[in-house]
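What follows is one structure encoded as C-alpha cells, with my remarks underneath.
What follows is calculated from the coordinates using simple rules that are stated; it is not laboratory data. Predicted model, so just to flag it, every value in this text is computed and none were measured. Cβ sites come from the backbone with ideal geometry, for glycine too, and all protein chains shown count toward neighbours.
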Amino acid sequence: MNLSLRKYIPNRKDPSFTLVELLVVVSIIGLLAGLGFPAINGAMKAGKKAEVAAMAESIKTAVNAFYAEYSSYPTNVQTFKTDKDFLTMMCTTNGTGANIRGIIFLEVPPKFTNSDGIVSPQGFDKKRGRLPFYVAIDSSNAGFVVPKNASGTSVTNTNVPSSVAVWADDPNVSGKAVGTFK
C-alpha cells in the first residue's frame, strides 16, 4: 500500500537532468568539436597535397611514355605549363601535333581539367584558385632538371636527378612546390 501512495505525492519530482547538467554536457561536446576541427582541416590539406602529387606523378609517367614511344619529348621547351595544347596532345586519339600515332598517354579525371588544361583540383589553393602544373624536361641530357617557378626561382633546394619533373605551387608555403622531385 505504501508503494501505491507514492505516485500521488504532489511535491515529488521525476528523475531527469538539470539545466546545469545539460549545459555541462553541451559545453564539453563543443570543446571536443573545437579541438577536432583543426585536425580535420589539416588532414584535408594533406589529402589535397597527396592528390596533387599523385597527378604530378601521372603526368611525369605520361611524358616519359611519350619519350619512349617517339624518342623525343612533347616539346622542346625546358619548362612549360600543362595547358590545353599539352592536354590535347597527351590525351587524344586523333593523331595531331607531336602525337601523330594518336596514343593516349594520360587519362585525366575531370576534376583536374578546365579550359586552361590540366590544373590542380578545386580547393587545393583557396586564394588563387586552380593552379596549373609545370613540367621541366632535361632536353640537354644533363642528367638532372632544375624546376623553376614563373619568376625563375628554383622550387627545390637541389637539382632533381631525373629527366622529367612535374609540380604545382604549394599554396601553404611560398616558393615551394608539390610534385615529383625524386
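Taking 17 Å as the straight-line reach from the Cα of K48, the aspartates and glutamates in range (excluding those fewer than 8 positions away in the same chain) are E57, D125, D169, D170. All C-alpha to C-alpha distances of the range 55-161, sorted into 5 Å bins beginning at zero, yield P(r) values of 2, 12, 20, 25, 20, 13, 6, 2, 0 percent in whole numbers. Scaled against the 2.2 N^0.38 Å expected of a compact globular protein of N residues, the Cα radius of gyration of the range 98-182 reads 1.19. Working from Cα pairs under 8 Å separated by at least six residues, relative contact order for the chain is 19 percent. Our note on the geometry: Cα centres of the range 130-155 and the range 54-72, 15 Å apart. Going 7 Å from the Cα of Q78 in the Cα-to-Cβ direction, what parts of the range 149-182 have a backbone nitrogen less than 13 Å from that spot? Only 149, 152-154, 159-160 fall inside the zone, counting backbone N under 13 Å.
Between N64 and L19, residue separation times 0.36 nm minus the direct Cα-Cα distance comes to 9.5 nm. Pick from S27, S72, S16 the residue whose mean-square fluctuation is largest in a GNM of the chain, springs joining Cα atoms under 10 Å. Checking each option, the largest mean-square fluctuation is seen for S16.
For the chain, a Kirkwood radius taken over Cα pairs fed into Stokes-Einstein (20 °C, viscosity 1.002 mPa s) yields D = 107 µm²/s. Using Cβ point charges alone (K and R +1, D and E -1), the dipole size of the range 17-179 about the Cα centre works out to roughly 240 debye.
Using the Cβ-Cβ distance between I103 and V146 with R0 set to 41 Å, the FRET efficiency from 1/(1 + (r/R0)^6) comes to roughly 0.90. Of I118, I100, I59, the residue with the greatest mean-square motion in the GNM of the chain, using alpha carbon springs below 10 Å, is I100. Relative to the longest principal axis of the Cα atoms of the chain, the long axis of helix 19-70 makes an angle of roughly 10 degrees. In a reduced charge model with +1 at each Lys and Arg Cβ and -1 at each Asp and Glu Cβ, the range 103-182 shows a dipole moment near 260 debye about its Cα centre.
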